[in-house]
4 protein chains.
Amino acid sequence: MTLKTARFFLRTLQTRNASNVSFIGLGQMGTRMANNLVKKGQQIKVFDIVPEALSSVSGAQQCSSAEEAARDADIVVTMLPTGDIVKETLLAEKGILKGMPKKALLIDCSTIEPKMAQELSRLSTDSGVRFIDAPVSGGVTGAEAATLTFMVGGADADLAEARPVLEKMGARIFKCGDIGAGQIAKLCNNLILGITMIGTCEAMNLGVKLGLDPKLLTDIVNVSTGRSWSSDTYNPVPGILPNVPSSNGYAGGFSVPLIAKDLGLAEAAALSCGTPLMLGAMAHQLYRALILNGYGDKDFSVVYEFLKGKK
Amino acid sequence: MTLKTARFFLRTLQTRNASNVSFIGLGQMGTRMANNLVKKGQQIKVFDIVPEALSSVSGAQQCSSAEEAARDADIVVTMLPTGDIVKETLLAEKGILKGMPKKALLIDCSTIEPKMAQELSRLSTDSGVRFIDAPVSGGVTGAEAATLTFMVGGADADLAEARPVLEKMGARIFKCGDIGAGQIAKLCNNLILGITMIGTCEAMNLGVKLGLDPKLLTDIVNVSTGRSWSSDTYNPVPGILPNVPSSNGYAGGFSVPLIAKDLGLAEAAALSCGTPLMLGAMAHQLYRALILNGYGDKDFSVVYEFLKGKK
Amino acid sequence: MTLKTARFFLRTLQTRNASNVSFIGLGQMGTRMANNLVKKGQQIKVFDIVPEALSSVSGAQQCSSAEEAARDADIVVTMLPTGDIVKETLLAEKGILKGMPKKALLIDCSTIEPKMAQELSRLSTDSGVRFIDAPVSGGVTGAEAATLTFMVGGADADLAEARPVLEKMGARIFKCGDIGAGQIAKLCNNLILGITMIGTCEAMNLGVKLGLDPKLLTDIVNVSTGRSWSSDTYNPVPGILPNVPSSNGYAGGFSVPLIAKDLGLAEAAALSCGTPLMLGAMAHQLYRALILNGYGDKDFSVVYEFLKGKK
Amino acid sequence: MTLKTARFFLRTLQTRNASNVSFIGLGQMGTRMANNLVKKGQQIKVFDIVPEALSSVSGAQQCSSAEEAARDADIVVTMLPTGDIVKETLLAEKGILKGMPKKALLIDCSTIEPKMAQELSRLSTDSGVRFIDAPVSGGVTGAEAATLTFMVGGADADLAEARPVLEKMGARIFKCGDIGAGQIAKLCNNLILGITMIGTCEAMNLGVKLGLDPKLLTDIVNVSTGRSWSSDTYNPVPGILPNVPSSNGYAGGFSVPLIAKDLGLAEAAALSCGTPLMLGAMAHQLYRALILNGYGDKDFSVVYEFLKGKK
């Protein structure tokens, strides 16, 4: 039996065994991800600190605590707002690690500091539980359509076991390195995103103020060197693309505080290795200034509206 | 005869008539563009202020002044470094407007201030010459492969006449609006480019310093929200893509002073309409700081090396 | 007679001769400056494009055009918003140069581009008129109290002649160099000012949000390395100093559009000599973003309020 | 006995009692501070992890560990590079808290995160030791001349006890608030400093490139709105002031990594309360880019040389 065949069998086996999956954290992203698990035939238990959220995943078994959800689980998936909240959810009196069986696998899909991922991994190991970090990109749309990209840090065997679960929620899985490497990749991607979106907003706004048709300018940029996801998939000018936040009053989507959070994490990571982020730092501050000036509940492409101005 | 038919005939007629084409400005871009005209069967006269440059277009008729090159031309194409140089080349004693026949068409492919394009148009009109601005994107590679994108400002009829010539040098032509609109579109595109490249450099550098494989990080970014031309076509990390400046010691390509120039033009345009360019201004200053610190002859993706540091 | 004695006599002579002084431009600054001339015994003619402004200088002879005001003048002082407006006021049909006698002296106190100062000097010389640039610092308060600082570019003899007039409006006169040098000095000073004010706002806001008493923090900064005019004379936090805009709802003072204008001029000057202004560019964009978001009629120290946020 | 009299007696008493003072951390600052204690008649024990440093304070009793230095001390002063190092020096096997008597007072003069100061206070309290944070401003010059400013966070009684010791090393003492408040004040001051210095460098460089005499420009700025400690006391242009780093090849002084460290701490503090630092973030990144490009051992005013450029 070759190594490759062995892996295939192992994987098949693991796929079969993962009968008990729990999902903790039913926000904008988590609800959609959990629903995809159910739709694709995976029975799950769910828990969220907000009782109303529990009913958002039809077909799931609702639990009254993280501990209860984690009990008897082969795999627990967490999708929570911050590293501190994940840590608390692991360690609390009715927390995940209280309930989770030895050798079970914890998949943390939250976006958190790489160093916190390493700390969570140590805490899990101390409780006999395996851990991988698997943050996602693709946003609410990707979560809904099960086309998320997972960026994974951890052991190969653990990823192999996680794979069948991740594949029900996403389209691509990248193994990035050791524990925390998934987070690093996520932060690097979002760092580019946060900057490129502002750059696109600045240029679209400039063009429009100087008389260009924004649709035409978009067409030009999208076949030129200025092309990016921010211009061709998530254009910040209202009316260019049909199903993006900018065409819907900048509602929904990826909120300003969330991109600000990710840029803050990127900056902390950059600080740890003495790496300058010239535009990243500036972008971070700009998003934070937006939060303080009335744009805190909008999609991050609302930078366009801020630059355009109120008068 | 409908207007559409009339246009068709007019265009056919113009195509046939444009037997006399001159090309002025044989730098990195101009030489390649002029050579493509010759390759595709267009007889041309050429002029450049540097005598050695004249022989770089084999098959072209070499002239000793702009005036000589422009004499009897139906169409004169200019590809020069700055608006002031175009203006001087138009107005000089042996300049273009001295030689150019009435009603001939001047196509300025240089990247210059939108307001300067309008001034050049007025000067041309005063001499009985028609004018369009048609700056390009696509860089040296696009010039070589005749896949440039032209962004055109001016009258429809003039563009119709220019089209057969432009199509020999590029793959796409966008009519952007009145005189200067081509320049505006170009600046908006390059504004995004200058910002996105720095953002990509910052993130790639951060990832590498934190232990990620840059090839893997590129693969992730290219299918995620951080994707852009700067990551998938012109990656700034040495060794990721084969035929880009970063894999060749940052030689050739789009030099730091050129992107700095374009961002300066974008800022001047933004100033004229009170539009803030938060990251654009920062990117501009950063490229200018690079010029002063030893990177002035490198491709603009060399920002990666600056951020990585010397120690 | 030594050179020094000769100069003294020349100056005395000029002081006596400057009986005919005209003042053009009666805005916030000009009105106060012109009033000081009158108060200190200088008879003047005045003109402003806004008829109501003419009556703001009691004791002055009101004129119906710049030409009329300039006629028979030994010295004409201009205090206007932009270089283009000064130029227009010089060249218009009823403009200054139409009325001004040969060899008379034009003192431009406006803040304009150094290059424009040089152009205005040429235009004046072409009309037989002498020119110096003499922009001021000190703001409305300094104009009111006749404690302005004049930064002068031009010939020594011309400054000697201007001096008795300038001394009636200000406390200090610096000879900076040739024509335009006064403007350069002014822009350099205001570049520091625009940056330092934002830095002070950021730090005061940070301290207050973290629980420090702003008065105490000001006391500390003012005896430490963070001390500056922005902290000890024009503190941006309401209630720290009695007679500054921040303690009066950010009304009056040095408006956001004016500092934005000066930073724009500084940037243009920097561009002309390839000098990077990292924080200057950023400060410029921030003030421009403030204009577009409702702070356009406030003193520039209102950055504090923007950073503090609305929520 | 009034409260004021009581305080006087208490203070006199404390002054008399503080016979046992130890000083830990003999770097650029610490050596000078400790020497001033000795010069003013205070017997002290000293320790530094670098054995050679011990002999830099003549008249002090050299110890072989922090524990030994702290033993029997009434007051221990620490002056160390980072919060983590202070923490380690407190908790190590031969650390301060192992040796320090109950109720003795620990004065931490290091510049560290406000939150770390709070943590150190808790750790001290757990060992029965009192704690205040007392970071300084004034730099090496102020340390040498015993003119430092102390910014203190902690209990009034503890400061009263510390005062006689602090007064031997500095000229001013500000009580800023609870534990950590001294650090907050210090960071706010240095945030302004880091920004203002860059602004001053940008403007001086611009003026010089445009032909102004830097001495004249300094004179103008120093009586105008651009005035600051960075222009009048620590001018970044070589040759303007006699005894500053810029006039000595940017050697000595306040190194680029130290201001970068302080701006990083300010940013972390700003992040904790959602406060934007637009220019602060940019300044931080710029200093970090300087470290990576060969300026890591220079005084922070070397920004002037970076902006001036090498060519």
- On average, how many beta carbons from a partner chain sit within 10 Å of the beta carbon of a residue in D:215-221? 5
- Copies of residue D:160 compared via label points 7 Å along Cα→Cβ give distances in nm, shortest first, of 6.9, 7.1, 9.5
- Item | Å² of accessible area per residue within segment B:3-178, as computed with a 1.4 Å probe and no ligands counted | 45 Å²
- Query: Between segment B:136-187 and segment C:101-134, what's the alpha-carbon centroid distance in Å?
  - Reply: 43 Å
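With r as the distance between the Cβ atoms of residue C:222 and residue C:243 and R0 = 25 Å, compute the FRET efficiency 1/(1 + (r/R0)^6) and round to 0.05. Kindly include the intermediate steps, with their values, before the conclusion.
On the way: r = 17 Å, r/R0 = 0.67.
Result of the calculation: an efficiency of 0.90.
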- Task: Would you please give the residues with an amide H less than 5 Å from that of residue B:178, counting only those at least 5 places away or on a separate chain, with H modeled from the backbone geometry?
- Result: B:154
- Message: Need one number: % antiparallel among DSSP beta bridges in the protein assembly as shown, to the nearest 5.
- Response: 15 percent
- Query: Could you give the nm distance between label points at residue C:213 and residue D:62, where each point is 7 Å from its Cα heading toward the beta carbon?
  - Reply: 4.6 nm
- Query: In nm, what does the list of distances from residue C:247 to its counterparts in the other copies look like, shortest first, when each label sits 7 Å along Cα to Cβ?
  - Reply: 3.7, 5.5, 6.6
- Message: What do you get for the angle between helix D:256-272 and the principal long axis of chain D? Use alpha-carbon atoms, 0 to 90 degrees, nearest ten.
- Response: 70 degrees
- Note on the structure: With every protein chain kept in place and a 1.4 Å probe, segment B:257-311 has an accessible area per residue in Å² of 25 Å²
- Query: Can you list, shortest first and in nm, the gaps between the label point of residue A:145 and those of its counterparts in the other copies, using a point 7 Å from Cα in the C-beta direction?
  - Reply: 2.7, 6.5, 6.7
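How much length, in nm to one decimal, is gained on full extension between residue B:297 and residue B:40, taken as 0.36 nm per residue of separation minus their Cα-Cα distance?
Taking residue B:297 through residue B:40 to full extension adds about 89.3 nm, to one decimal.
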- Query: At a 1.4 Å probe radius, carbon and sulfur cover how many percent of the accessible area of the protein assembly as shown?
  - Reply: 54 percent
- With chain A treated as a Gaussian network of Cα nodes joined by springs under 10 Å, which of A:54, A:241, A:105 yields the largest mean-square fluctuation? A:241
- Message: As a test of the formula, what do you get for chain A when each DSSP H run with n ≥ 4 contributes -39,500 (n - 2.57) and the sum is divided by the residue count, at 222 nm and rounded to the nearest 500 deg cm²/dmol?
- Response: -15000 deg cm²/dmol
- Query: Do you know the relative contact order of segment B:112-262, to the nearest whole percent, from alpha carbon pairs under 8 angstrom that are 6+ apart?
  - Reply: 19 percent
- Query: If you build the Cα gyration tensor of segment A:169-311 and take the root of 5 times each eigenvalue, what three semi-axes come out, in whole angstrom, biggest first?
  - Reply: 27, 18, 15
- Measure nothing fancy, just the Cα-based angle from helix C:3-17's long axis to the longest principal axis of chain C, in degrees from 0 to 90, nearest 10. 90 degrees
- Task: Could you go through segment D:165-180 in sequence order and give the Karplus-derived ³J(HN,Hα) for each residue, using 6.51 cos²θ - 1.76 cosθ + 1.60 with θ = phi - 60°, rounded to whole Hz, and x for Gly and Pro?
- Result: 6, 4, 5, 6, 10, x, 9, 9, 10, 10, 7, 9, x, 6, 3, x
- Query: Mind checking the mean number of beta-carbon atoms from other chains within 10 Å of the Cβ atoms in B:227-238?
  - Reply: 4
- Task: Compute the relative contact order of segment D:3-178 as a whole-number percentage, counting only Cα pairs closer than 8 Å that sit 6 or more residues apart in sequence.
- Result: 19 percent
- Whole-Hz Karplus couplings 3J(HN,Hα) for segment C:96-104, θ = phi - 60° and coefficients 6.51, -1.76, 1.60, Gly and Pro as x, run 4, 5, 5, x, 6, x, 4, 6, 5
- Item | Buried accessible area, chains C and D (both chains, 1.4 Å probe, Å² to nearest 100) | 5200 Å²
- Item | Axis-nearest residue of A (beta carbon) for the A-onto-B rotation, whole Å | A:228, 2
- Query: When ranked by the protection proxy of mean other Cβ atoms within 10 Å per residue, highest first, what sequence do the peptides D:206-214, C:86-94 form?
  - Reply: D:206-214, C:86-94
- Two-site label geometry, residue B:94 and residue C:126: point separation in nm, points 7 Å out along Cα→Cβ: 2.9 nm
- Between residue A:173 and residues 5 or more places away or on another chain, which pairs have amide H atoms under 5 Å apart, with H built 1.01 Å from N, and which residues are they? A:150
- Computed over chain B: longest principal axis from alpha-carbon atoms vs helix B:28-39 long axis, angle to nearest 10 degrees, is 50 degrees
- Message: Taking each residue in A:176-187, count the Cβ atoms of any other chain within 10 Å of its Cβ, then average. What number comes out?
- Response: 4
- Note on the structure: The ³J(HN,Hα) series, computed from each phi in segment A:215-229 with the Karplus coefficients 6.51, -1.76 and 1.60 at θ = phi - 60°, rounded to the nearest Hz and given as x for glycine or proline, is 5, 4, 4, 4, 4, 5, 4, 5, 10, 10, 6, x, 4, 6, 4
- Of B:196, B:31, B:275, the one that fluctuates the most in a GNM where chain B has Cα springs shorter than 10 Å: B:275
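The values are calculated or read from the model by the stated rules, or taken from the named source; none is laboratory data. Remember, it's a predicted structure, so these values are computed and weren't measured experimentally. Methodologically, a virtual Cβ is constructed for each residue, glycine included, from the backbone with ideal geometry; neighbour enumeration extends over all protein chains shown. Calculation scope for accessible area: heavy atoms of the full protein, side chains included, ligands and nucleic acids excluded. Shrake-Rupley method; radii C 1.70, N 1.55, O 1.52, S 1.80 Å.
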